[in-house]
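Notes follow the structure.
Here, each number is a calculation from the coordinates, and none is a lab measurement. All of these numbers come straight from a predicted model, not from anything done at the bench. Don't worry about glycine lacking a Cβ; one is built from the backbone with ideal geometry, like all the others, and counts go over all protein chains shown.
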């Protein structure tokens, strides 16, 4: 299974919803809290060109926002 990384902040309700979805589906992921890690925030902004979260990477695919269908498709 490709590596899944989720860029989040601790105050983002969509981030919580996404993490809950991934946990319920048994999809392991690495969480990167960009609110607590300025360097990670810079990496995310370089990757996406924006500051909004959640951002999910599945291998080399970048998925912005809460989009379970795209995440599932990227994992297949």
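Worth a mention:
- Any hit, segment 38-46, residues being touching a helix residue (DSSP H, G or I) at 6+ places or on another chain (Cβ under 8 Å) and surrounded by 15 or more Cβ atoms within 10 Å (Cβ to Cβ): no
- Residues of segment 10-26 classified as touching a strand residue (DSSP E or B) at 6+ places or on another chain (Cβ under 9 Å) and crowded, with 16+ Cβ neighbours inside 10 Å, total: 4
One line per residue, one yes/no per condition, for (1) in contact (Cβ under 8 Å) with a residue 12 or more places away in the chain; (2) part of a loop (DSSP other than H, G, I, E, B):
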site: 7; (1), (2): yes, no
site: 35; (1), (2): yes, yes
site: 47; (1), (2): yes, no
site: 50; (1), (2): yes, yes
site: 56; (1), (2): yes, no
site: 73; (1), (2): no, no
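- Number of the condition not met by residue 65 [criteria: (1) surrounded by 15 or more Cβ atoms within 10 Å (Cβ to Cβ); (2) touching a helix residue (DSSP H, G or I) at 6+ places or on another chain (Cβ under 8 Å)]: (1)
- Taking every residue in segment 58-70 that is touching a residue at least 12 places away in the same chain (Cβ under 8 Å) and at positive phi and pairing it with any residue that is part of a strand (DSSP E or B) and surrounded by 15 or more Cβ atoms within 10 Å (Cβ to Cβ), at least 6 positions away or on another chain, the pairs with Cβ-Cβ distances below 9 Å are 59/4; 65/55; 65/56.
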